[in-house]
Amino acid sequence: MKKAVVLLSGGVDSAVTLYVAKKNYDCSALIFDYGQKASKEIECAKRIAEGAGTPYRVLTIALPWKGSALLDESKSIPEGAASDNGRIPETYVPGRNIIFLSFAVSFAEADQSEAVFIGAHQLDFSNYPDCRGEFFESFREVVRRGTRRGSEGLELKIETPLIDMRKKEIIETGHDLGVPFEHSWSCYRDNEIPCGVCESCLFRKHAFQEAGIKDPLLKYGTGVLQ
């Protein structure tokens with residue numbers, strides 16, 4: 001079977017992407033510990049990979065220049081719809097997907113994988129510039145020109161299966177594939193239960209509601225997302 005590397009953050013989107021990729025590829029997951037406040041997502045990513053029977057690597061990297069509310073203790077996590085009116089919110093991590101994809105491409109080449117999967121999508125998202133289709137089109141050209149596989153005429157695919165899905169559709173797809181959403185973590189904070197007020201929590205809440213599927217992270221009574 002063909003091999004692929006899947007970027008796995010522990011969130012809903014990357015979990016669904018892993019299960020989509022597993023349909024056609026023998027997958028390895030790449031998980032990043034990059035100093036994020038929500039370190040809980042790393043353990044969630046491990047559980048998702050283990051439940052899917054997917055080997056994983058946790059790569060620890062440092063971004064000492066910070067530049068994001070997800071990394072910098074001096075910046076608070078914004079609440080509500082932080083990316084309204086096309087704004088790029090303080091939760092944007094400078095160049096994160098460029099960095100992550102570069103590591104994943106290196107791993108894929110060394111592992112003789114044929115594809116790299118990432119769960120980015122450009123509908124119902126936080127306006128991050130490195131989650132847009134035009135970015136991935138450009139990055140595919142970088143991979144074609146800057147890798148051994150590319151220079152030998154062998155494509156290393158950059159797969160974005162969720163890119164044009166609404167968050168509701170992502171939840172529905174994951175539900176159909178049996179994704180264990182109870183092991184996922186979307187919150188930008190590192191609490192016992194989701195904060196319910198950051199933009200990522202709100203996207204998740206609305207998506208589950210629109211899909212008519214109960215979010216398993218609300219199993220603690222009324223939860224905080226209601």
Packing-based ranking, highest mean first, of 159-169, 71-81, 103-113 given that Cβ atoms within 10 Å are counted: 159-169, 103-113, 71-81
Reach of LYS23 by Cα under 17 Å, taken over lysines that are not fewer than 8 positions away in the same chain: LYS2, LYS3, LYS157
Within the stretch 118-175, DSSP-loop chymotrypsin sites (Phe, Trp or Tyr not before Pro) with at most 14 other C-beta atoms within 10 Å are none
Which percent of the accessible heavy-atom area of the chain goes to carbon and sulfur, probe 1.4 angstrom? 48 percent
What are the lysines whose alpha-carbon lies under 19 Å from the alpha-carbon of LYS214, with same-chain residues fewer than 8 places away excluded? LYS167, LYS168, LYS205
In the set (i) 0.98; (ii) 1.03; (iii) 1.23, which value of Cα Rg over 2.2 N^0.38 Å was calculated from the structure you see? (i)
Can you give the % of DSSP beta bridges in the chain that are antiparallel, to the nearest 5? 5 percent
With the contact rule set at Cα under 8 Å and sequence spacing of 6 or more, what percent relative contact order holds for the stretch 84-226? 20 percent
Cross-link partners of LYS22 among aspartates and glutamates (Cα-Cα below 15 Å; sequence separation of 8 or more within a chain): ASP13, GLU50, GLU114, GLU159, ASP176
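The values are calculated or read from the model by the stated rules, or taken from the named source; none is laboratory data. Keep in mind that this is a model prediction, so the values were computed, not measured. Counting neighbours? That spans all protein chains shown, and the Cβs are built from the backbone with ideal geometry, glycine included. For accessibility, only protein heavy atoms count, side chains too; no ligands or nucleic acids. Shrake-Rupley method; radii C 1.70, N 1.55, O 1.52, S 1.80 Å.
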